[in-house]
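So the structure is just underneath, and the comments pick up after that.
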Amino acid sequence: GIRDVERSRGLGDVYKRQAQNGSNKVLVIQHTGTEKCSMVGDQIAQMAYDNQWKGIITNGYIRDIEVIKDIPIGVYAKNSFPKKTDKSVGKGEIGLTLEFQNFIVLKDSWAYVDSNGIIFSEKELEF
């Protein structure tokens, strides 16, 4: 389930969050900036995996997909884009209610992702 949601224009706080134990958690990063840039790269994906995060979801872009594809963690993004995020810009906030692809995403919601898309739910679904 989603245990952390974050709004971010820069990656400083994302690095700090991914360094924490993410046991069975998914991090949702809402890109709020106007500049097109990647929100997740191979270093964040690897750090998340090393700290037991189950996945990363962003409404922004990722980079380093040739490396990320070999890291056993789920990453869902709009697409890839090579430009790095300016780490000196923006500050993330944690525990927010986010609007993400026309869904309201609350802390403790559940995310279900496959190659066809994403579904958010306020409760765990049984399949």
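The values are calculated or read from the model by the stated rules, or taken from the named source; none is laboratory data. Every value quoted in this text rests on a predicted model; they were computed, and no experiment measured them. Don't worry about glycine lacking a Cβ; one is built from the backbone with ideal geometry, like all the others, and counts go over all protein chains shown. Heads up: the accessible areas ignore ligands, DNA and RNA and are worked out on the full protein's heavy atoms, side chains in. Shrake-Rupley method; radii C 1.70, N 1.55, O 1.52, S 1.80 Å.
From the list THR32, THR97, which one is in contact with a Lys or Arg (Cβ under 7 Å, 6 or more places away or on another chain), among the β-branched types (Val, Ile, Thr) and open to solvent by 40 Å² or more (accessible area, probe 1.4 Å)?
On the way: THR97 fails: in contact with a Lys or Arg (Cβ under 7 Å, 6 or more places away or on another chain).
On inspection, the qualifying residue turns out to be THR32.
From the residues in region 51-73 that are under 20 Å from THR32 (Cα atoms) and out of contact with any Gly (no Cβ under 6 Å at 6 or more places or on another chain), which one is surrounded by the most Cβ atoms within 10 Å (Cβ to Cβ)?
The qualifying residue surrounded by the most Cβ atoms within 10 Å (Cβ to Cβ) is ILE56.
Can you name every residue in region 106-127 that is at negative phi and acidic (Asp, Glu)?
Scanning region 106-127 gives ASP114, GLU122, GLU124, GLU126.
Select from region 104-119 the residues that are hydrophobic (A, V, I, L, M, F, W, C), over 19 Å from ASN79 (Cα atoms) and open to solvent by less than 80 Å² (accessible area, probe 1.4 Å) and list them in ascending order.
Answer for region 104-119, where residues must be hydrophobic (A, V, I, L, M, F, W, C), over 19 Å from ASN79 (Cα atoms) and open to solvent by less than 80 Å² (accessible area, probe 1.4 Å): VAL105, LEU106, TRP110.
Within region 51-97, how many residues are charged (D, E, K, R) and at pLDDT 95 or above?
Qualifying residue count for the region: 5.
So that you can scan it fast, the table gives a plain yes or no per residue for (1) closer than 15 Å to GLN18 by Cα; (2) among the hydrophobic types (A, V, I, L, M, F, W, C):
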{"position": "GLN46", "(1), (2)": "yes, no"}
{"position": "LYS84", "(1), (2)": "no, no"}
{"position": "ILE94", "(1), (2)": "yes, yes"}
{"position": "ASP108", "(1), (2)": "no, no"}
